[in-house]
Amino acid sequence: MSASVIQNKILTGLIKEFEEDFGIKGGDEAKSFERLVNYVLLSKIDPEAFSEPAVFEQIDVDSNGTFGIDAFALLVNDNLIVNKDDIEHHQKTKRLDVKFVLIQSKRSTSVDTGDLLKFTAAVKNFFSDKPAIGLAEDLLEARDLVDEIFKHENARLFANRKPKLELYFATTGTAATDPTILGVIASEERNIHACVPEVQSVTLKHIHADYLIDLYSEIENRYSVTITFEKAIPCEKIEGVEQAYIGYLPAPEFLKLITGADGTLRKNLFYENVRDFQGADNSVNTEISETLSDSDMIDKFILLNNGITVVAREFSNLRSTEYEISDYYVVNGCQTSNMIYKNKGRVGDNPKLKIPIKFIHTTSNDLIAKIIRSTNRQTPVPDEAFVSLEKFHKRLQEFYRVYGKTAPESLYYERRSKEFTNTTAKIEKPRIVNLHAQIRSFASIILNEPQLVMSNNPSSILRAHSSRLFAEDQKYIVYYLASLLLYLFGKYHDDKIIDGKYTISRYWVCWIARVLAFGKIDLGPLNSSKVEKECDRVIDLLKSKDYVTQLFTEATRILEASKLSYISKNGKARNAELVRLKAFRDEVRAHLADKTKPFAAR
């Protein structure tokens, strides 16, 4: 536990709120500040980056006192990448926009030049072909990702977009204005670029307290915007809708909606848009850009574009044509918004550009789901993009709500991203299970495929195993059980009962624990009353701390025994490699074959 050092009262309050949101215990101010910085900076790029709390440890490269660097993240097409197989998933898009993000956080109120130079020296060492300072295992795994992204099959998809290197040095004071500090930052940007010529650009940015506070509010969608909406037609009364308007906005007013306090695009606004940004080179987006660039066509943009749909939980008329909007999302118009943002230097002040827009003020989740589905049907969208809007998921969400009242731990199934954010009753983020988290836990723990989760994107798993996931007659309790075991793993890990080294193997440990608790590998038909009763029995046992502790202890023992057996037959392999192998899964199954009686605590 570190003593309190941070002086900014707003920031210390924010850290406390952050700890409560993620169920972080221990009162280690230094580590909590580091995690807050990582959360804010990476969520700004990929709003879904921390949908699973284990990501905090996956990006942490300072677990063993790594020289000068706290966190490393690889982002491809603005998605956080935690293993090589995630890169393969993005190859299918035929474009790879790559960012390397390295972060160092200090609780000091000012920028210490020595600490800053230590950080930049560590970055140069990390990217060096012959590091002068040996890389710890955390950084070796990060370096493996860097080497993977530069392989020919990936590098050929860079096109004219070489990777960008973004470096962040965070402190708890005000923005750096000292000419010496600013000079060092500019100089180190040039020096690092000279050492790493493979990247397109190097940016080294000082992150200060006000930046963190503003950005955290944006990410949690507490950000409110005031716009002038002169050309608006109010709709007549619609059931389930507080108010709705159809009209258009000039570019400056529209840009207020989609940019944050730092002037960058607010990517979290597009959670509900089932299509992610397809890139500036996409054919449709190229046409949008051409229209925005053509002085003879820009006034016709309003006729050529389908427009933007914004759903807001708070939308109020302040005076005349002035409106305040908060807790809102762009549910349709992600491509248009991104292209206007990319061309803002050219069109930001052009009075000819008018953006067609709909504002829908509603708090009805069912109506929002219908709006998302209907407004995103103009062009082909993969069916899995809509899966969480289906009836099964509505019922699953209700089951979580009701069953969680008597279960060992209350969990919440999130059909729509961030729907539990800013609710009256505060819910810890680790208790929230979204679609991707549910796919991972179910595939590994229930379907006996932990290696799939470590080597495949959840969307790929859903497509490949659609007949085994979310079938209408399956018992909802099976899904709850999978999520509960994973939640308990995280809880017992945070309480130091489970060793931190098992974080990378968490799906394996939870799968083995499930097999032990049931006394069998295959559960049988997931639509049967028998499996429902068995799940009830096991979940009741999970109320006991002694039982859970002994169950996970036995699961880790079996995992270790399986590793030794596999390595003796196949040679040494790192944990990061083992957890992706079907052959290792089969080895573990062999060790579980004789576990035919439900596990009983001593």
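The values are calculated or read from the model by the stated rules, or taken from the named source; none is laboratory data. None of these values were measured; they are calculated from a predicted model. Quick reminder, even Gly has a Cβ in these numbers, built from the backbone with ideal geometry, and neighbours come from all protein chains shown. When the accessible area is computed, the model is the full protein with side chains, heavy atoms only, and any ligands, DNA or RNA have been set aside. Shrake-Rupley method; radii C 1.70, N 1.55, O 1.52, S 1.80 Å.
Some notes on this structure:
- Highest average first, the peptides 24-35, 543-554 ordered by how many other beta carbon atoms sit within 10 Å of their residues are 24-35, 543-554.
- The chain: C-alpha pair distances exceeding 35 Å, %: 43
- Amide H contacts for residue 259 (H built 1.01 Å from N in the peptide plane; partners 5 or more residues away or on another chain; cut-off under 5 Å): 266.
- Surface per residue (accessible, 1.4 Å probe) for the stretch 1-90, Å²: 37
- Packing-based ranking, highest mean first, of 350-361, 251-262, 432-443 given that Cβ atoms within 10 Å are counted: 432-443, 350-361, 251-262
- Size of the stretch 3-89: Rg and Dmax of its alpha carbons, in Å, are 14.0, 45.
- Accessible surface, the stretch 503-596, averaged per residue in Å² (probe 1.4 Å): 45
- For the pair residue 319 and residue 394, label points projected 7 Å from Cα toward Cβ lie 4.3 nm apart.
- Whole-number D in µm²/s for the stretch 309-377 (Stokes-Einstein; Kirkwood sum over Cα pairs; 37 °C, 0.692 mPa s): 240
- By accessible area, using a 1.4 Å probe on protein heavy atoms only, the chain has 49% of its surface on carbon and sulfur.
- Length added when fully stretched, residue 549-residue 528, from 0.36 nm per residue minus Cα-Cα: 4.6 nm
- Amide H contacts of residue 599 (H built 1.01 Å from N, in plane; Pro and chain starts excluded): 517, 518, 519 sit under 5 Å, all sequence-distant by 5 or more or on other chains.
- Rounded to the nearest 500, the 222 nm mean residue ellipticity of the chain from helices alone is -13500 deg cm²/dmol, with -39,500 (n - 2.57) taken per DSSP H run of at least 4 residues.
- Total formal charge among the other residues, if their Cβ is under 14 angstrom from that of residue 137, Lys/Arg +1 and Asp/Glu -1: -3
- Each of 339, 297 has its accessible area taken with a 1.4 Å probe; listed largest first, they run 297, 339.
- Karplus (6.51, -1.76, 1.60) ³J(HN,Hα), θ = phi - 60°, over the stretch 102-111, in Hz, Gly and Pro reported as x: 10, 10, 10, 10, 10, 7, 5, 7, 10, 8
- With a Förster radius of 60 Å applied to the beta-carbon distance between residue 174 and residue 520, the computed FRET efficiency rounds to 0.50.
- Hz values of 3J(HN,Hα) by residue in the stretch 327-334 - Karplus curve (6.51, -1.76, 1.60), Gly and Pro given as x: 6, 10, 9, 8, 8, 8, x, 4
- For residue 205, the residues whose amide H sits under 5 Å from its own are 167, 168, 169, ignoring neighbours fewer than 5 places away on the same chain, with H placed 1.01 Å from N.
- Accessible area of the stretch 187-266 divided out per residue, in Å², using a probe of 1.4 angstrom: 47
- If both residues of a DSSP beta bridge must be in the chain, then about 65% of such bridges are antiparallel.
- Charge tally for residue 300 (other residues, Cβ to Cβ under 10 Å; Lys, Arg +1; Asp, Glu -1): -1.
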